[in-house]
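Data first, discussion second: the structure below is written as structure tokens.
Read-outs throughout are calculated quantities, based only on the coordinates presented, and are distinct from any laboratory measurement. Computed from a predicted model, the values in this text were never measured in an experiment. Glycine gets a Cβ as well: all are built from the backbone with ideal geometry, and neighbour counts include every protein chain shown.
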Protein chains: 2
Amino acid sequence: MKAKIIITPKKAVLDPQGKTVQTALEHMGHTGIKAVHVGKYLEIELAGTDVEAARQALNAAAHQFLSNPVIEDYHLEICP
Amino acid sequence: MKAKIIITPKKAVLDPQGKTVQTALEHMGHTGIKAVHVGKYLEIELAGTDVEAARQALNAAAHQFLSNPVIEDYHLEICP
């Protein structure tokens, strides 16, 4: 079983990394880029098969210490 | 139009950040975790509507400077 967690800065929070990537893309000649957001991606390989239990455990982990809920949002996806 | 790029370290490459997250999860009482891989997530908002052109441009950008093809893989997804 595999879990994927995507952690992104909240839209209201300044994202200097995203701004830098956007500027770099523009300097490299890529036009038509409105915004770039840079986040973290976690892929977790799990031993069990209980999707619901894994979702609960990882939701708690993502909320408590994998993300900073003050400035970041996360999206959890579990692939059985 | 929105593009999502996920950049992960190649499976053969040492991933100290993933190992650290795995150890942290275990210390927090989460069991049954076989492996953790930590990567980058880029969300790019595009002005145009030509999916194929965007795919080509972003594939080139991802290969040339958003990822390091020696040690990283990337996955590009475009949502029209």
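Calculate the mean, over all residues of peptide A:54-66, of how many other protein chain Cβ atoms lie within 10 angstrom of the residue's Cβ.
The per-residue average across the peptide is 3.
I'd like the orientation of helix B:51-61 relative to chain B: the angle between its Cα long axis and the longest Cα principal axis, in ° from 0 to 90, rounded to 10.
60 degrees
Give me the lysines in straight-line cross-link reach of A:Lys10: C-alpha distance below 18 Å, same-chain residues under 8 apart excluded.
Output for A:Lys10: A:Lys19, A:Lys34, A:Lys40, B:Lys2, B:Lys4, B:Lys40.
Between the range B:34-69 and the range A:6-53, what's the alpha-carbon centroid distance in Å?
Result: 10 Å between the Cα centres.
Tell me the distances, shortest first, between A:Ile71 and the same position across the other copies, using label points 7 Å along Cα→Cβ, in nm to one decimal.
Reported distances to equivalent positions: 2.5 nm.
Label-point separation (nm) for A:Glu77 and B:Gln64, each offset 7 Å from Cα along Cα-to-Cβ?
Output for this residue pair reads 2.8 nm.
For the rotation taking chain A to chain B, which residue of A has the Cβ nearest the axis, and how many Å away is it?
For chain A, the closest residue to the axis carrying it onto B is A:Tyr41, 2.
On a 0 to 90 degree scale, rounded to 10, what angle separates helix B:16-27 from the longest Cα axis of chain B?
50 degrees
Where a ≥ b ≥ c are the square roots of the eigenvalues of the C-alpha gyration tensor, would you call the range B:2-79 rounded, which needs a/c under 1.5, or, failing that, prolate if a/b is larger than b/c, or oblate?
Judged from the Cα gyration tensor, the range B:2-79 comes out prolate (a/c at least 1.5, a/b above b/c).
Divide by every residue of chain B the summed helix terms, -39500 (n - 2.57) for each DSSP H run of at least 4, and state the resulting mean residue ellipticity at 222 nm, rounded to the nearest 500 deg cm²/dmol.
-9000 deg cm²/dmol
Is there a simple number for the mean count of other chain Cβ atoms within 10 Å of the Cβ of residues in B:26-38, and what is it?
Mean partner shielding for this stretch: 6.
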